[in-house]
Amino acid sequence: MARLPLEGIRVLESSYVFALPYAAGLMADLGAEVIKVEGPGRPDTTRTGGFAGAHADNNPGDDPWNRTATFNMLNRGKKSVVLDLSKPEGLNVFKELIQVSDIVMENFTPRVMRRWELDYPNMKKLKPDVVMVSNTGYGHGAGPYSEYPAQATTQEATHGLTHITGYPGDIPSKAGQSFVDFLACWACLLGVALALRHRNRTGKGLWLDIGMYQLGAFTTSEYILDWLANGRISDRIGNRHPWRAPQGSYQCVGKDQWCVISVGDDEEWAALCSEIGRPDMAADSRFTTHADRVEHHDEIDTAISAWTRALDKFAVMERLQGVGVPCGPIFDSKDTSLDPHHLERGFLEKIEYPADRKMGARTLMGRPWRLSKTPMSITSPAPKFGDHNREVLRGVLGYTDAQCDELETAGILADRPTNVQPPPTMSLDDMVKQGRLAYVDPDFKSKLGI
């Protein structure tokens, strides 16, 4: 069997929410040994609070912190160690783990690592060739924002995306929930690959300092450049596009079913007109050029919508793609989970949980890429809280059972959060009534084959 790319690499990850946990989960898929460190009073947010998603089968069970959807998707393949880093004994264990790790990942605000004397200059004293990954909102350094806490949901505002997203004359809008988290995850993976290559060639580690604010700004680069070059500030244009017309979301058969169509040139425009049964529009002087079509976009949208409303969104995609017009159905989470293309490419993977987890088989999101010579899969489910405390301390650091007992008695090691909050108990039907869910499919397990 082919050797996985990160086999033999140990990753010490103390990060929360989405970006770095997801990156470390993908690194576990790549063969790394990933040890996730959480605090007894500070479990990962996706275990207990915001961004956690639903509990398996909407049942919190006796250990709801082990059953949330987002945590289980992001943290697959990892080992869990729960250490109280606010106590010297816990911090000493963490420092010992640094000394035997290749990569250390953290997303605390800069002052936290400095207070622990674990900023990069100090970490190098513990492990000279360590690769340190820091993910913060605004990066470390002397900039006026550096000490600010941040998260992707608010950074869409400060990096400019929210100004762009929205409809003409309306308020700025967010683009989903945590757009920049994905960018930070992928940037982390690229940075780690470069850092390991650097270490292999020079024997020296380095510090990867990710500022999510800067990653987000790259997604708005054309607007930034337009101001730098021309002094222009663009307005919001909704689903439309400055160089493609018509473009938009169009309603199809069924409740809240839509597709997206985007026309880029005269050839595509003529093909669209023919396929929707309106060849007259291709010859109409009102729609001859791109500028004409932008000016009369509302009239074109009316004609397109009259055609799409009578068709299934997948039929619209097949017919327009067949004549060379870019088009795609708008997927909800059910469509994505049952998509045959995702399944064929192995993007959706089924994983079986141990019987004591009472979660059975589940479908998880795999990787957004494949390697031609190295088959990969999720190696194991996400761990229970503190599931590997003794395994790691004994097997990696050489601690005795007596030492582990002492740390457990002192509350330095734990396998249950100290600040457990009662999970929400609202039924799925009530969530639909409140508008928090669009609908519930009671047959989802049989459709997923689990």
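Of (1) outside any loop (DSSP other than H, G, I, E, B); (2) open to solvent by less than 60 Å² (accessible area, probe 1.4 Å); (3) more than 22 Å from Asp332 (Cα to Cα); (4) touching a residue at least 40 places away in the same chain (Cβ under 8 Å), Gly264 satisfies all except one. Which?
For Gly264, the exception is condition (1).
I'm checking my understanding of the structure. Among residues of the range 312-322 that are open to solvent by 40 Å² or more (accessible area, probe 1.4 Å), in a helix (DSSP H, G or I) and of a type outside the set (A, V, I, L, M), which one is farthest from Asn239 (Cα to Cα)?
Among them, the one singled out is Gly322.
Quick check: anything in the range 352-359 among the hydroxyl-bearing types (Ser, Thr, Tyr) and either under 15 Å from Ile35 (Cβ atoms) or assigned to a loop (DSSP other than H, G, I, E, B) (or both)?
Within the range 352-359, one or more residues are among the hydroxyl-bearing types (Ser, Thr, Tyr) and either under 15 Å from Ile35 (Cβ atoms) or assigned to a loop (DSSP other than H, G, I, E, B) (or both).
What number of residues within the range 182-219 are in contact with a strand residue (DSSP E or B) (Cβ under 9 Å, 6 or more places away or on another chain), open to solvent by less than 40 Å² (accessible area, probe 1.4 Å) and closer than 18 Å to Ser101 by Cα?
8
Restricting attention to the range 149-173, and to residues there that are hydroxyl-bearing (Ser, Thr, Tyr) and modelled with pLDDT of 90 or more, which single residue is surrounded by the most Cβ atoms within 10 Å (Cβ to Cβ)?
By that ranking, first place goes to Thr162.
Among (1) farther than 25 Å from Gly411 by Cβ; (2) open to solvent by 10 Å² or more (accessible area, probe 1.4 Å), there is one condition Ala28 misses while meeting the rest; what is its number?
With respect to (1) farther than 25 Å from Gly411 by Cβ; (2) open to solvent by 10 Å² or more (accessible area, probe 1.4 Å), Ala28 is out only on (2).
Looking only at the range 39-59, which residues are part of a loop (DSSP other than H, G, I, E, B) and buried (at least 24 other Cβ atoms within 10 Å of the Cβ)?
Hits for the range 39-59 are Pro43, Asp44.
I'm trying to understand the selection: among the residues of the range 379-392, which are modelled with pLDDT of 95 or more and either β-branched (Val, Ile, Thr) or farther than 15 Å from Arg357 by Cβ (or both)?
At the first step, the residues of the range 379-392 found to be modelled with pLDDT of 95 or more are 380-392.
Scanning the range 379-392 gives Asn389, Arg390, Glu391, Val392.
If we scan the range 174-181, do we find a residue that is of a type in the set (Asp, Glu), surrounded by fewer than 17 Cβ atoms within 10 Å (Cβ to Cβ) and under 21 Å from the mean Cα position of the chain (by Cα)?
no
Could you count how many residues in the range 267-311 are open to solvent by 60 Å² or more (accessible area, probe 1.4 Å), outside any helix (DSSP H, G or I) and either touching a Cys at 6+ places or on another chain (Cβ under 6 Å) or among the β-branched types (Val, Ile, Thr) (or both)?
2
For the range 117-175, which positions are of a type in the set (D, E, K, R), touching a residue at least 40 places away in the same chain (Cβ under 8 Å) and farther than 23 Å from Ala23 by Cα?
As a first pass, look at the range 117-175 and keep what is of a type in the set (D, E, K, R): 117, 119, 124-125, 127, 129, 147, 156, 170, 174.
Now narrow it down to the ones that are touching a residue at least 40 places away in the same chain (Cβ under 8 Å): 124, 127, 129, 156, 170.
Of everything in the range 117-175, just one residue is of a type in the set (D, E, K, R), touching a residue at least 40 places away in the same chain (Cβ under 8 Å) and farther than 23 Å from Ala23 by Cα, namely Asp170.
Filter the range 324-337 for residues that are modelled with pLDDT of 95 or more and open to solvent by 60 Å² or more (accessible area, probe 1.4 Å) and give the result.
The answer is Ile330, Phe331.
Please list, ordered by first then second residue, the pairs with beta carbon atoms under 8 Å, 6 or more apart or interchain, first in the range 323-335 and assigned to a helix (DSSP H, G or I), second at pLDDT below 95.
Pairs found: Lys334/Asp441; Lys334/Phe444.
Has the range 249-259 got at least one residue that is aliphatic (A, V, I, L, M) and either surrounded by 17 or more Cβ atoms within 10 Å (Cβ to Cβ) or assigned to a strand (DSSP E or B) (or both)?
Our first condition is that a residue be aliphatic (A, V, I, L, M); within the range 249-259, this holds for 253.
Now drop any that are not either surrounded by 17 or more Cβ atoms within 10 Å (Cβ to Cβ) or assigned to a strand (DSSP E or B) (or both), which leaves none.
No, there is no match, as no residue in the range 249-259 is aliphatic (A, V, I, L, M) and either surrounded by 17 or more Cβ atoms within 10 Å (Cβ to Cβ) or assigned to a strand (DSSP E or B) (or both).
Can you tell which of Leu413, Leu437, Leu448, Leu428 is among the aliphatic types (A, V, I, L, M) and without any contact (Cβ under 8 Å) to a residue 40 or more places away in the chain? Before the answer, list the steps.
Details: Leu413 fails: without any contact (Cβ under 8 Å) to a residue 40 or more places away in the chain; Leu448 fails: without any contact (Cβ under 8 Å) to a residue 40 or more places away in the chain; Leu428 fails: without any contact (Cβ under 8 Å) to a residue 40 or more places away in the chain.
Exactly one of Leu413, Leu437, Leu448, Leu428 is among the aliphatic types (A, V, I, L, M) and without any contact (Cβ under 8 Å) to a residue 40 or more places away in the chain, namely Leu437.
Residues checked against (1) part of a helix (DSSP H, G or I); (2) open to solvent by 30 Å² or more (accessible area, probe 1.4 Å):
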position: Val37; (1), (2): no, no
position: Gly61; (1), (2): no, yes
position: Thr70; (1), (2): yes, no
position: Met73; (1), (2): yes, yes
position: Ser80; (1), (2): no, no
position: Leu85; (1), (2): no, no
position: Leu91; (1), (2): yes, no
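Pick from the range 338-351 the residues that are assigned to a strand (DSSP E or B) and touching a residue at least 24 places away in the same chain (Cβ under 8 Å): which of them is most open to solvent (accessible area, probe 1.4 Å)? Write out each step before concluding.
Within the range 338-351, the subset assigned to a strand (DSSP E or B) is 348-351.
So of that shortlist, the ones also touching a residue at least 24 places away in the same chain (Cβ under 8 Å) come out as 349-351.
Numbers: Glu349: 26, Lys350: 128, Ile351: 18 Å².
Among them, the one singled out is Lys350.
More than 30 Å from Lys445 (Cβ to Cβ) and not in a helix (DSSP H, G or I), is that true of Lys384?
Against the criterion (more than 30 Å from Lys445 (Cβ to Cβ) and not in a helix (DSSP H, G or I)), Lys384 does not qualify.
Check Thr400, Thr379 and return the single one that is within 28 Å of Ala2 (Cβ to Cβ) and either in contact with a Lys or Arg (Cβ under 7 Å, 6 or more places away or on another chain) or open to solvent by 50 Å² or more (accessible area, probe 1.4 Å) (or both).
None of the others qualify; the one that does is Thr379.
Within the range 315-363, track down each residue that is closer than 25 Å to Pro383 by Cα and touching a Phe, Trp or Tyr at 6+ places or on another chain (Cβ under 6 Å).
Met359
The values are calculated or read from the model by the stated rules, or taken from the named source; none is laboratory data. It should be emphasised that the depicted structure is a prediction, and the values quoted were computed from it without experimental measurement. Positions of Cβ are generated from backbone atoms using ideal geometry, with glycine treated the same way; all protein chains shown enter the neighbour counts. What goes into the accessible areas is simple: the full protein's heavy atoms, side chains included, and nothing from ligands, DNA or RNA. Shrake-Rupley method; radii C 1.70, N 1.55, O 1.52, S 1.80 Å.
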